[in-house]
1. Return the residue satisfying two criteria in turn: it lies in the stretch 37-52 and is among the small types (G, A, S) and open to solvent by less than 50 Å² (accessible area, probe 1.4 Å), and of such residues it is modelled with the lowest pLDDT.
2. So P10 clears everything in (1) within 16 Å of A67 (Cα to Cα); (2) touching a helix residue (DSSP H, G or I) at 6+ places or on another chain (Cβ under 6 Å) except one condition, right? Which one?
3. Return the only residue of S19, S34, S56, S23 being modelled with pLDDT under 95 and open to solvent by less than 50 Å² (accessible area, probe 1.4 Å).
Amino acid sequence: MEENFFKVDPETINQNRFSLSKSESKHLIKSLRSNIGDEIWLLDGLGVAYKGLISSINNNCVEGNIAVSYTHLTLPTNREV
């Protein structure tokens, strides 16, 4: 299964639920043809990644439940070996 990552506003995460922006939702629905029950990855831009499960798709708005979160993630650094 291919993993896709979506930007999520930290303010739209509440009690293990998330809502994607209209632009992220549109990409998820129209381009990737995701459905209710699909797992997706969310990145909040503050170093936290979430594994989410889509629970509803309404009017180009995707919402779901957060299954697990991973904190303190950073980008890898380039090191010569």
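The values are calculated or read from the model by the stated rules, or taken from the named source; none is laboratory data. Source: prediction; values computed, not measured. Cβ placement follows ideal geometry from the backbone for every residue including glycine, while neighbour counts extend to all protein chains displayed. These area figures cover heavy atoms from the full protein model, side chains too; ligands, DNA and RNA do not enter into them. Shrake-Rupley method; radii C 1.70, N 1.55, O 1.52, S 1.80 Å.
1. Taking the stretch 37-52 and keeping what is among the small types (G, A, S), we get 37, 45, 47, 49, 52.
Now restrict to residues that are open to solvent by less than 50 Å² (accessible area, probe 1.4 Å): 37, 47, 49, 52.
Working: G37: 95, G47: 88, A49: 94, G52: 96.
The selected residue is G47.
2. It is condition (2) that P10 fails.
3. Details: S19 fails: modelled with pLDDT under 95; S56 fails: modelled with pLDDT under 95; S23 fails: open to solvent by less than 50 Å² (accessible area, probe 1.4 Å).
Every option except S34 fails the conditions.
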